[in-house]
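A.B. asks: The structure is given below, and queries will be raised subsequently.
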Amino acid sequence: MDPVTIFGRKGCGFCVRAKDLCEEQGLEHRYVDIHEEGISKADLEKTVGKPVETVPQIFIGKEHIGGYTEFAKKVAEAS
């Protein structure tokens with residue numbers, strides 16, 4: 001699997017779960033705290049390519065996967 005990028009924020013349970021899932025599965029990943037990095041909702045929407053209401057927003061390589069639920073499904077299918 002390509003490296004995973006997780007765009008999230010502090011206090012987000014699904015962001016933590018996505019990060020934990022990467023660690024449990026031994027997946028190469030990068031966590032980007034949108035507040036620490038100064039990434040606005042508009043910036044994230046440009047990156048994702050559509051309106052964004054929630055975090056995490058997860059990519060595998062350059063492919064936007066969605067949130068935690070979609071990511072967990074992809075990981076399960078790849079196992």
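A.B. asks: Could you list, in sequence order, all residues of the range 32-79 that are among the hydroxyl-bearing types (Ser, Thr, Tyr) and surrounded by fewer than 16 Cβ atoms within 10 Å (Cβ to Cβ)?
C.D. replies: Residues satisfying the conditions are 40, 47, 54, 69, 79.
A.B. asks: If a residue has to be within 15 Å of residue 69 (Cα to Cα), of a type outside the set (D, E, K, R) and either open to solvent by less than 60 Å² (accessible area, probe 1.4 Å) or touching a strand residue (DSSP E or B) at 6+ places or on another chain (Cβ under 7 Å) (or both) to count, how many in the range 6-31 make the cut?
C.D. replies: 9
A.B. asks: Can you tell which of 48, 32 is modelled with pLDDT under 95 and not charged (D, E, K, R)?
C.D. replies: 48
The values are calculated or read from the model by the stated rules, or taken from the named source; none is laboratory data. Because the structure is predicted, anything quoted here is derived from the model rather than measured. Cβ coordinates were reconstructed from backbone atoms using ideal geometry, including for glycine residues, and neighbour counts include every protein chain displayed. Surface accessibility is based on the protein's heavy atoms, side chains included, excluding ligands, DNA and RNA. Shrake-Rupley method; radii C 1.70, N 1.55, O 1.52, S 1.80 Å.
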